[in-house]
Amino acid sequence: MLKSLTRRSFTAATLALATLAAAPQQGFAQELTKLTFIQEWPVPNGLWIPWILGSKKGFYKEEGIEIEIVTPPTVADTMKFLGTGSAQVAFTTGMDIIFAREQEAPVVAIARYGRGNNWGILSSEGEPLTIADLKGKTIGIYNDAWTKAQLSMMLADGGMTLDDVQTVAATDDTVPLLLQDKVDAITGITNAEGTGMTTTGEQKAEFLAATAHGVPNTPIFMLAANEGWLKENPESAKAFLRATRKSIDYATANPDEAIAAFAELYSKAYDGKFIDQQWKDTIPLFGEMGPDLMVNDEADWSKLLAALEKFEVLKEVLEPSAYFTNDYLAQ
């Protein structure tokens, strides 16, 4: 999966921040409902900025919610926390939800984060690649099923298979592989590897978009919830999403304040240059701040599931409605 939200320059002290809650604000007399909000990565990154800032501004408290932002021990633990009910809500990926559902975990997407798939192949500035150019090239990848599936889809669009390229699996980050000329190109997303190329490599990477070559334009990141908790606490779920929507709106409109809130909370795990650029690279992915901002599109899920079935990523594909719901979003 997208195990690349650059954080490598963060110090080892980051892992001491495994469980963090926003500081309580004064002026709210009602008892707050506490939600454990498990994240997608063991190290803080700029994608978390909306709820970090929203907590500081009191948006969640206004909805009667107090969120506890928890970093998982490993990337594999997010769905474990959510599926067992150790966390009520999660920031994760659509693919992690799909894989969890394959294991019959009671998890479901309740909102999208961004409007499309910004994954693709990145090469050094001034060295753009076409699909045809990939034949015989060495590509840095992450060793997960979805990366390989997307790359397979792109290559198929050019009449090739994975056998036509050489892949090198990164243990942590594909960006150094490209900067050190160990590969011809890397896989990744514009607001992680693309950001890393800008901040670490001091260059604007060339980007070959997966969606232009057969890969579904389904949003990568999602907000998810435990199904049992949802059924018992529908109003809390709606309140959480209202506060999160307000947080996204405010954080995108006030990027400097948003980045400062991240720095304040994660001062020991703060790579200012990267986080600043990552949030700026993320903002455009939300598109228009319209009423459908967080609404899951069934057509997107259908296309994604059809592609996963075609490329035999899953043993069994369920109906789209098994993976997401819009019932808790304000319509």
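The values are calculated or read from the model by the stated rules, or taken from the named source; none is laboratory data. Since this is a predicted model, take the numbers as computed values, not measurements. Because the Cβ atoms are built from the backbone with ideal geometry, glycine has one as well, and the counts that use them run over all protein chains shown. Note: areas computed on protein heavy atoms with side chains; ligands, DNA, RNA excluded. Shrake-Rupley method; radii C 1.70, N 1.55, O 1.52, S 1.80 Å.
Structure notes:
- Qualifying residue in segment 94-109 (condition: in contact with a helix residue (DSSP H, G or I) (Cβ under 6 Å, 6 or more places away or on another chain) and of a type in the set (Asp, Glu)): yes
- Residue count for segment 92-108 satisfying the condition of being touching a Ser or Thr at 6+ places or on another chain (Cβ under 8 Å) and either among the small types (Gly, Ala, Ser) or over 21 Å from GLU298 (Cβ atoms) (or both): 1.
- Among the residues of segment 102-132, the ones that are farther than 16 Å from VAL215 by Cα and either of a type in the set (A, V, I, L, M) or in contact with a strand residue (DSSP E or B) (Cβ under 9 Å, 6 or more places away or on another chain) (or both) come to 18 in all.
- Of all positions in segment 130-153, none carries a residue that is under 18 Å from PRO219 (Cβ atoms), basic (Lys, Arg) and at pLDDT 95 or above.
- Flag if SER321 is in a helix (DSSP H, G or I) and farther than 20 Å from GLY116 by Cβ: yes
- Filtering GLY83, GLY46, GLY64 for residues that are open to solvent by less than 50 Å² (accessible area, probe 1.4 Å), on the phi > 0 side of the Ramachandran plot and modelled with pLDDT of 95 or more leaves a single hit, GLY64.
- Screening THR167, THR171 for residues that are farther than 24 Å from ARG115 by Cα and at pLDDT below 95 leaves exactly one candidate, THR171.
- Against the numbered list (1) within 22 Å of ALA330 (Cα to Cα); (2) of a type in the set (A, V, I, L, M, F, W, C); (3) open to solvent by less than 10 Å² (accessible area, probe 1.4 Å), ILE141 comes up short only at (1).
- Positions within segment 234-245 being in contact (Cβ under 8 Å) with a residue 60 or more places away in the chain and either open to solvent by 10 Å² or more (accessible area, probe 1.4 Å) or in a loop (DSSP other than H, G, I, E, B) (or both), in sequence order: PRO234, SER236, LYS238, ARG242, ARG245
- Filter pass, THR199 being at pLDDT 95 or above and in contact with a Phe, Trp or Tyr (Cβ under 6 Å, 6 or more places away or on another chain): yes
- With respect to being within 30 Å of PRO291 (Cβ to Cβ) and either part of a helix (DSSP H, G or I) or touching a residue at least 60 places away in the same chain (Cβ under 8 Å) (or both), ILE248 fits the description.
- Members of segment 67-80 that are crowded, with 21+ Cβ neighbours inside 10 Å, in a helix (DSSP H, G or I) and touching a residue at least 40 places away in the same chain (Cβ under 8 Å): THR78
- Any chance ILE121 is over 30 Å from LEU178 (Cβ atoms), modelled with pLDDT of 95 or more, touching a Ser or Thr at 6+ places or on another chain (Cβ under 9 Å) and β-branched (Val, Ile, Thr): no
- Against the numbered list (1) touching a helix residue (DSSP H, G or I) at 6+ places or on another chain (Cβ under 6 Å); (2) open to solvent by 10 Å² or more (accessible area, probe 1.4 Å); (3) farther than 21 Å from THR33 by Cβ; (4) touching a residue at least 60 places away in the same chain (Cβ under 8 Å), GLU298 comes up short only at (4).
- Of the criteria (1) touching a Phe, Trp or Tyr at 6+ places or on another chain (Cβ under 8 Å); (2) not in a helix (DSSP H, G or I), which one ILE98 fails: (2)
- Cross-chain or 6+ apart pairs with Cβ under 6 Å, segment 312-331 first and touching a residue at least 24 places away in the same chain (Cβ under 8 Å), then open to solvent by 40 Å² or more (accessible area, probe 1.4 Å) and not charged (D, E, K, R): VAL313/ALA145
- Among the residues of segment 222-233, those that are open to solvent by 10 Å² or more (accessible area, probe 1.4 Å) and not in a helix (DSSP H, G or I) comprise ASN226, ASN233.
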